[in-house]
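Here's the structure we're looking at; comments come further down.
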Protein chains: 2
Amino acid sequence: SEVIDFHYPNELLQRNNWELSDEPETLDDILISCRATLKYAIKTAHPRYFNQLSTGLDMVGLAADWLTSTANTNMFTYEVAPVFVLLEYVTLKKMREIIGWQDGRGDGIFSPGGAISNMYAMLLARYKMFPEVKEKGMSSVPRLVAFTSEHSHFSIKKGAAALGIGTESVICIKADERGKMIPSDLERRIIEAKQKGYVPFFVSATAGTTVYGAFDPLMAIADICKKHDIWMHVDGAWGGSLLMSRKHRWKLNGVERANSMTWNPHKMMAVPLQCSALLVREEGLMQSCNQMQACYLFQQDKQYDLSYDTGDKALQCGRHVDIFKLWLMWRAKGTIGFEAQIDKCLELSEYLYNKIKDREGYEMVFDGKPQHTNVCFWYLPPGVRYLEDKVEKMKRLHKVAPVIKARMMEYGTTMVSYQPQGDKVNFFRMVISNPAATFEDIDFLIEEIERLGQDL
Amino acid sequence: SEVIDFHYPNELLQRNNWELSDEPETLDDILISCRATLKYAIKTAHPRYFNQLSTGLDMVGLAADWLTSTANTNMFTYEVAPVFVLLEYVTLKKMREIIGWQDGRGDGIFSPGGAISNMYAMLLARYKMFPEVKEKGMSSVPRLVAFTSEHSHFSIKKGAAALGIGTESVICIKADERGKMIPSDLERRIIEAKQKGYVPFFVSATAGTTVYGAFDPLMAIADICKKHDIWMHVDGAWGGSLLMSRKHRWKLNGVERANSMTWNPHKMMAVPLQCSALLVREEGLMQSCNQMQACYLFQQDKQYDLSYDTGDKALQCGRHVDIFKLWLMWRAKGTIGFEAQIDKCLELSEYLYNKIKDREGYEMVFDGKPQHTNVCFWYLPPGVRYLEDKVEKMKRLHKVAPVIKARMMEYGTTMVSYQPQGDKVNFFRMVISNPAATFEDIDFLIEEIERLGQDL
């Protein structure tokens, strides 16, 4: 079966009647529309779909999502979501225990994606240092600066833009050749910022960068944050789930010293989209930072313990129930079940790495075994491989991945992402998060790249 | 059947084993957990559940949400969500046509709830006036002030806090006794702010306030915004859907002059949670305000028309597919189907209003026929009704609604919200958004309030 039945946008618009009209359509039409929607949808559960960090489809997770849809409620109060509120409480506590915060204490929330989780962290860090910002805005505080590595996710800058901090106040710290933040550069830039009179308030370390899958050295970063009294956030949207693996969790050593962490079970734990958690070490901070005490929702004279009305610590008012699918999957497979599927994906990526690292026509973007399931490589077709003019070679190589990717989509056989990075021309970024993927699927990917790229 | 099987949080924690452990549970346990979750969940589709603005369960909407879960993808690119991206395009255009923007032109996005939609609007208004804020932050701009009515939703202040504007820079405009913003007070406060050297940049008018269901006078507000060159936003999270009704859409006259509008189909159109749209009149603004051009997601050398990669205009990175349930429901019932269900809910609320406005023991919170389905009233039990000491009477009355509400939840027969407002003691706020509700359900509610409150 195919991963994708690709059509250009204008073509897809013609393939069905998608228009909305005054009159109802027939039930037949509804079924035709559903079939067309599924036919042209990407088969994200296909074991050869490697395109994004979220792949796969867990049957218990899907059942849980269907139950969630059926319950059709909001997370703002215990009154309207008693079970889901308790399950969020239980699950966040468990996740904090796994991070290593004492007795699982702290706070947290499930938010609509890692970008929003990261934005929450930045918001909390600012409020912690300058609580008056809530009422008085940024004009009441000195110029704040945040730090993150040049390989970090774009949501850090996006959050800074939204929060009125500004993208220029996000200082990008150099990463080493494996994509890890260089702690000495971080400290240098913090000191430099202080000398300019700016106030460093937030460091976002990344546990599992989007492209390289790199883990920033959390212990060294924690030391620096402690020394300079700066909020340490760990963006573990992609790599946080490695905490579930006894074999791989050392890559996050130091996360227990962070003030907050983003962790997206919808990525490496294959929970259906969306399921992203922000975890916060200090209790009560989210509430005081975000609460507005709307009396029509958070009545103070209800009959039950109001600490379960968690809605006022959110930026959202109504909040989708994202907890049940994670909770039910966790019950169904246990921590060891998640561990097994994570370990398996990492094993597959190591297999891929070993297969291509010395293979004719391949070049690795960085040396060494992958730390996460990201394997970054160039495929050099015969026509490019032996070019002597380096400039010409790079120019040609830059076009190889986009053409192979477009052909993959047209044949519908597999999908994998590519991108340039800094001065590096377009390369493939393989990621594996679908526990249904096999060694054969990896073999197939390589054969397919060679088949589709040999004439380039 | 019951609306709720109420248990206190500690009790509910005991009623099932909700803990997460290392080992997997059996399939039997999973089924028991699912049953327990449904048993203790609130029956939000029950025709006697009047507690929130989102109620009901549409079968086509549910089927569409199940299909969405099965497709398990993200909205960021055409590459991974071709059909859903096109359907969002088609639906947003249709919604803009209904607003009355020329040829349905403009922009928009489905966001995780009305609070975030409102935050987007504020973000865009700020960027439109001071584009440098994106890079330089709030320290580069003068002190901004926003305006909204004292009855508006708390998300306006929450947004201002998050965006670094500060809650004190949100000026609350007086509302009349029906809860509508008083335009002359708006203009007075705008002029006053300018005299202080502040820069008015954003007016959020409400179309359907949360408690009273009031519609601010949009035409008069549009005149003022035009005169003072201020971004006009309409928060129609609750009342926006009345645009679908030929009978009721006049209440939003003037919305076509707004710069942006929040409209939540998950409320009055009974689309499963969540489904909230932000609509923007100016094309291209969302993109330039929010884009960060991450090259690993929004590659510029793809084979298809990149204008369909809409992800970079979002604050989120991954974004849940909220469009399909709305689109499929719209196909299944047509605009006239939504109109019929909206008209019916408004008819039910008028029935309730007529039933209680002169009934012994009831007092309306404000005079006149409801404009939306909100009916706000006090029930005065016999023991309170004839009290002569006004202070004592109000003190006693304040406690009536919470007690009746707690009893409703314990009997499980119905749920309706209550709150104080300004100097008004606790009153019931009835809202009807479930097309499955009937005249009998309204009758029942009144009987039940009297049954549960007669001894108070």
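The values are calculated or read from the model by the stated rules, or taken from the named source; none is laboratory data. What you see is a predicted model, and the numbers here were worked out from it, not measured in a lab. No Cβ is skipped: glycine too gets one built from the backbone with ideal geometry, and neighbour counts run over all protein chains shown. Each accessible area value is taken on the protein alone, full model and side chains, heavy atoms only, with ligands, DNA and RNA left out. Shrake-Rupley method; radii C 1.70, N 1.55, O 1.52, S 1.80 Å.
Before moving on, here are some points about what is shown:
Conditions tested, residue by residue: (1) more than 23 Å from residue B:318 (Cα to Cα); (2) among the polar types (S, T, N, Q); (3) open to solvent by 10 Å² or more (accessible area, probe 1.4 Å); (4) touching a helix residue (DSSP H, G or I) at 6+ places or on another chain (Cβ under 7 Å).
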residue: B:56; (1), (2), (3), (4): yes, no, no, no
residue: B:72; (1), (2), (3), (4): no, yes, yes, no
residue: B:75; (1), (2), (3), (4): no, no, no, yes
residue: B:95; (1), (2), (3), (4): yes, no, no, no
residue: B:98; (1), (2), (3), (4): yes, no, yes, yes
residue: B:103; (1), (2), (3), (4): yes, no, yes, no
residue: B:121; (1), (2), (3), (4): no, no, no, no
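- Taking (1) open to solvent by 10 Å² or more (accessible area, probe 1.4 Å); (2) in contact with a Gly (Cβ under 7 Å, 6 or more places away or on another chain); (3) more than 9 Å from chain A (Cβ to nearest Cβ) in turn, residue B:277 satisfies each apart from (1).
- If the condition is being open to solvent by less than 60 Å² (accessible area, probe 1.4 Å), more than 7 Å from chain B (Cβ to nearest Cβ) and not in a loop (DSSP other than H, G, I, E, B), then segment A:36-47 contributes only A:36.
- Qualifying position, being away from chain B (no Cβ under 13 Å) and either over 26 Å from residue A:248 (Cβ atoms) or more than 22 Å from the chain's Cα centre (by Cα) (or both), among A:391, A:403, A:425: A:391
- Of the residues making up segment B:235-258, those that are open to solvent by less than 10 Å² (accessible area, probe 1.4 Å), over 17 Å from residue B:433 (Cα atoms) and assigned to a helix (DSSP H, G or I) number 2.
- For segment B:211-234, a residue qualifies if it is outside any helix (DSSP H, G or I) and under 24 Å from residue B:113 (Cβ atoms), and the qualifying residues are B:211, B:212, B:213, B:214, B:215, B:216, B:231, B:232, B:233, B:234.
- Residue A:169 open to solvent by less than 30 Å² (accessible area, probe 1.4 Å), under 22 Å from the mean Cα position of the chain (by Cα) and modelled with pLDDT of 95 or more: no
- For beta carbons closer than 7 Å, sequence separation of 6+ or different chains, a first residue in segment B:330-354 that is within 21 Å of residue A:20 (Cβ to Cβ) and of a type in the set (A, V, I, L, M, F, W, C) and a second that is open to solvent by 20 Å² or more (accessible area, probe 1.4 Å) and in a helix (DSSP H, G or I), the qualifying pairs are B:332/B:60.
- Taken together, the residues in segment A:33-65 that are in contact with a Pro (Cβ under 7 Å, 6 or more places away or on another chain) and more than 15 Å from residue B:69 (Cβ to Cβ) amount to 1.
- Only one of the numbered conditions (1) assigned to a loop (DSSP other than H, G, I, E, B); (2) open to solvent by 10 Å² or more (accessible area, probe 1.4 Å); (3) in contact (Cβ under 8 Å) with a residue 12 or more places away in the chain is violated by residue B:296, and that is (3).
- Among residues of segment A:253-308, those that are of a type in the set (A, V, I, L, M) and over 17 Å from residue A:125 (Cα atoms), counted: 9
- Total residues in segment B:423-437, condition in contact (Cβ under 8 Å) with a residue 12 or more places away in the chain and either part of a loop (DSSP other than H, G, I, E, B) or open to solvent by 30 Å² or more (accessible area, probe 1.4 Å) (or both): 8
- Of all residues in segment B:36-50, those that are without any contact (Cβ under 8 Å) to a residue 24 or more places away in the chain have Cβ atoms under 8 Å from Cβ atoms of residues that are outside any loop (DSSP other than H, G, I, E, B) and hydroxyl-bearing (Ser, Thr, Tyr), 6 or more apart or on another chain, in B:38/A:70.
- Residues that are farther than 16 Å from residue B:251 by Cβ and aromatic (Phe, Trp, Tyr) were ranked within segment B:175-234; the one that is surrounded by the fewest Cβ atoms within 10 Å (Cβ to Cβ) is B:198.
- Hits in segment B:65-106 - residues which are more than 10 Å from chain A (Cβ to nearest Cβ), in contact (Cβ under 8 Å) with a residue 12 or more places away in the chain and acidic (Asp, Glu): B:88
- Being open to solvent by 10 Å² or more (accessible area, probe 1.4 Å), touching a residue at least 12 places away in the same chain (Cβ under 8 Å) and more than 21 Å from residue B:160 (Cβ to Cβ) is a description that applies to residue B:287.
- Selection from segment B:124-160 of residues that are more than 10 Å from every other protein chain (Cβ to nearest Cβ) and part of a helix (DSSP H, G or I): B:124, B:125, B:128, B:129
- Residues that are at positive phi and under 24 Å from the mean Cα position of the chain (by Cα), drawn from segment A:47-102: A:56, A:100
One line per residue, one yes/no per condition, for (1) among the acidic types (Asp, Glu); (2) open to solvent by less than 80 Å² (accessible area, probe 1.4 Å); (3) more than 7 Å from chain A (Cβ to nearest Cβ):
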| residue | (1), (2), (3) |
| --- | --- |
| B:15 | no, no, yes |
| B:34 | no, yes, no |
| B:49 | no, yes, yes |
| B:61 | no, yes, yes |
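- Out of A:279, A:243, one residue alone is in contact (Cβ under 8 Å) with a residue 60 or more places away in the chain, aliphatic (A, V, I, L, M) and within 30 Å of residue B:158 (Cα to Cα). It is A:279.
- When we screen B:57, B:20, B:31, B:53 for residues that are part of a helix (DSSP H, G or I) and either in contact with a Ser or Thr (Cβ under 8 Å, 6 or more places away or on another chain) or of a type outside the set (S, T, N, Q) (or both), the only hit is B:31.
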